[in-house]
Amino acid sequence: MTAACDLCQLLATTPGQTGGAVIWRDSQVSVVAVDEAEYPGFCRVVWNGHVKEMSDLQPRQRHWVMDVVWQVELAVREIMQPEKVNLASLGNMTPHVHWHVIPRFLDDAHFPNPVWATVQRSSLPEVLAARRALLPQLHADIIERLGG
């Protein structure tokens, strides 16, 4: 763990504490629900140890991270029913291996641009509320897909 790393600090917290909720964890990887109001269903798949690049991992570790990413993507697609799922491995400010799994909708705040671009529109509160209502089901599906 690196004290200055936001993801290391997040993974050191008890599931459900401020900063994100750990949905599932094993000895190598965690799945975290991202608290992003405009993007219910946004998850991160995070390597538990502070490792800077995917290529720093052993091949079997890289395969496991990606297997978890694929399972989270499948859960997001099935439960959230997005138009598209964005997968991103960015970490310029947080040099810690992690993947973003982001459900995208035609009416989301940034579509068709990346979620980090300029806002295009406001999402309707009732639409966001309906998507948030799916989160318990999404989290349960992720846990089931990853073996409990």
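Under 8 Å between Cβ atoms, which residue pairs at least 6 apart in sequence (or on different chains) link something in the range 124-148 that is in contact (Cβ under 8 Å) with a residue 24 or more places away in the chain with a partner that is open to solvent by 50 Å² or more (accessible area, probe 1.4 Å) and outside any helix (DSSP H, G or I)?
Taking only residues 6 or more apart or on different chains, the pairs are Leu128/Ala37; Leu128/Glu38.
Among the numbered conditions (1) in contact (Cβ under 8 Å) with a residue 12 or more places away in the chain; (2) more than 21 Å from Asp35 (Cβ to Cβ), tell me where Arg62 comes up short.
Just one mismatch for Arg62, condition (1).
Of the numbered conditions (1) open to solvent by 20 Å² or more (accessible area, probe 1.4 Å); (2) among the aromatic types (Phe, Trp, Tyr); (3) within 13 Å of the chain's Cα centre (by Cα), Trp24 satisfies every one except a single condition; which is it?
So Trp24 meets the others, but not (1).
The values are calculated or read from the model by the stated rules, or taken from the named source; none is laboratory data. Owing to the predicted nature of the structure, the values given are computational and were not obtained by experimental measurement. Because the Cβ atoms are built from the backbone with ideal geometry, glycine has one as well, and the counts that use them run over all protein chains shown. These area figures cover heavy atoms from the full protein model, side chains too; ligands, DNA and RNA do not enter into them. Shrake-Rupley method; radii C 1.70, N 1.55, O 1.52, S 1.80 Å.
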